[in-house]
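Undergrad: Got a structure for you, written out below as structure tokens; questions coming shortly.
The values are calculated or read from the model by the stated rules, or taken from the named source; none is laboratory data. Computed from a prediction, not measured in an experiment: that's the story for all the values here. Here the Cβ is made from the backbone with ideal geometry for all residues, glycine too, and neighbour counts use every protein chain on show. Calculation scope for accessible area: heavy atoms of the full protein, side chains included, ligands and nucleic acids excluded. Shrake-Rupley method; radii C 1.70, N 1.55, O 1.52, S 1.80 Å.
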Amino acid sequence: MQLELLNEQGQAASKVEAPETVFGREFNEDLVHQLVTAYRANARQGTRAQKDREQVRHTTAKPFKQKGTGRARAGMSSSPLWRGGGRIFPNLPEENFSQKINKKMYRAGMASILSQLAREGRLAVVESLKLDTPKTKVLADKFKAMNVASSSVMVIAEEIDENLYLASRNLKNVFVVEPRYADPVSLVHYKKVLVTKGAIDKLKEMFA
């Protein structure tokens, strides 16, 4: 298939050949949902901890006598049934939230996202984003000329030099990444995705 190649003014100057297996695949909503959910789950850390009935600070004395009170029997106040007692299955810091996604599913899911972005007009191809100076204003003016300054932009460049990195890090809602670091959550999140012409070949190697 062919994608439009934008010039410096954001206008379609010509066409560029793109692999059908990466940018022309049918959208699989269930697979994309599973991919995004697994990616976010794998980024979670076990930062919460709760105490079981052994760890809470309670006396081991019997709260009240066994019979004659009309209440249910109780052995100690650290019971999980009591307010302030220990949890039966507490959350632990070493809790593992990771989910497994095999390589074939990952490649198909990423290709499905890229294909849907191309159909919706949210993906565009540019020749390159080379900068002569590491100035944020230069990159901001380039985005403004391409009519993408008002929206959040994800740039997938075949190679990120120091000038592009320094110029982009102070721009709000701009994320510059190499193809190997493109993730499903960012592709779904950003309103516009700019792919350099050289990055298409790398995406083909990864997801075709």
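Undergrad: Find the Cα radius of gyration of the stretch 48-163, compare it with 2.2 N^0.38 Å by division, and give the number to two decimals.
TA: It is 2.24.
Undergrad: Of the heavy-atom accessible surface of the chain (probe 1.4 angstrom), what whole percent is carbon and sulfur?
TA: 47 percent
Undergrad: At 1.4 Å probe size, with every protein chain present, just tell me what the per residue accessible area of the stretch 48-96 comes to in Å².
TA: Counting only protein heavy atoms, the per-residue value for the stretch 48-96 is 86 Å².
Undergrad: Evaluate the stretch 119-180: find the radius of gyration of its Cα atoms, find its Kirkwood radius, and give the ratio Rg to Rh.
TA: 0.93
Undergrad: To make sure I understand the rule: partners must be lysines, Cα under 21 Å from the Cα of Lys135, and not fewer than 8 residues away in the same chain. Which ones qualify?
TA: Cross-link targets: Lys144, Lys172.
Undergrad: What residues of the stretch 124-157 lie in the reach of a label at Met1, counting those whose backbone N is under 14 Å from a point 7 Å from the Cα along Cα→Cβ?
TA: Correct set: 124-125.
Undergrad: Suppose the chain between Ser79 and Thr37 were pulled fully straight at 0.36 nm per residue; how much longer would it get relative to their current alpha carbon spacing?
TA: So the chain would gain 11.6 nm between Ser79 and Thr37.
Undergrad: Suppose we keep just the alpha-carbon trace of the chain; what are its Rg and Dmax in angstrom?
TA: Looking at the chain, its Cα Rg and Dmax stand at 26.7, 90 Å.
Undergrad: How far is the Cα center of the stretch 142-199 from the Cα center of the stretch 7-29, in Å?
TA: Each part's Cα centre sits 16 Å from the other's.
Undergrad: Additional query: For all pairs of alpha-carbon atoms in the stretch 48-96, what percent lies in each bin of width 10 Å, listed from the first bin to the last filled one?
TA: Here the calculated profile for the stretch 48-96 is 26, 42, 22, 8, 2.
Undergrad: A further question follows. Report the FRET efficiency, 1/(1 + (r/R0)^6), for Thr47 and Ser151, where r is their Cβ-Cβ distance and R0 is 41 Å, rounded to 0.05.
TA: 0.80
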